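The values are calculated or read from the model by the stated rules, or taken from the named source; none is laboratory data. All figures in this text were calculated on a predicted structure; none of them were measured in a lab. Please note: Cβ atoms are built from the backbone with ideal geometry, for glycine as well, and neighbour counts cover all protein chains shown.
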Amino acid sequence: MADSQDTPAYRPVDLQQDQFNLLGLATRAGLLVSGFSAVDKALNRRSLSMLILDDDTGKHTREKLMSKAQKTGAKVLVLKKLTLQGWSGNKVVGLLTGELAKRFEETLKQEY
């Protein structure tokens, strides 16, 4: 099996301040789940719009969650090393499905 870093979805990016602001709003609204277990449960329920993880997330964790995301149709965003952990305290978070997730995805399309 090829390393997940070879997939097109695996291109570490930096977020802009407005994108971090949207993630902060999602956190306050209860639309951002943090940590492996919470993200895994949301993927199992198919309620996750986007999987967001740090570039230095462990290989096993990254592969398992990225595989589930692909199966459930959740988008994957990989951030440059320690970006997410420094912001949220976790290397893995998930944005739940909804209007805020759509807005966040639109800002990514404009940026990348």
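Structure above, values below:
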| item | result |
| --- | --- |
| Selection status of Lys75, touching a strand residue (DSSP E or B) at 6+ places or on another chain (Cβ under 8 Å), basic (Lys, Arg) and within 16 Å of Asp14 (Cα to Cα) | no |
| Filter result (of a type outside the set (Lys, Arg) and loosely packed, with under 14 Cβ neighbours inside 10 Å) within region 10-19 | Asp14, Gln16, Gln17, Asp18 |
| Residues satisfying the stated conditions in region 56-80, i.e. among the polar types (S, T, N, Q) and assigned to a loop (DSSP other than H, G, I, E, B) | Thr57 |
| Check on Leu53, aliphatic (A, V, I, L, M), surrounded by 15 or more Cβ atoms within 10 Å (Cβ to Cβ) and in a helix (DSSP H, G or I) | no |
| Some residue of region 83-99 being part of a loop (DSSP other than H, G, I, E, B), surrounded by fewer than 15 Cβ atoms within 10 Å (Cβ to Cβ) and either aliphatic (A, V, I, L, M) or at pLDDT 90 or above (or both) | yes |
| Residue ID - surrounded by the most Cβ atoms within 10 Å (Cβ to Cβ), chosen from residues in region 31-50 that are part of a helix (DSSP H, G or I) and touching a residue at least 24 places away in the same chain (Cβ under 8 Å) | Val39 |
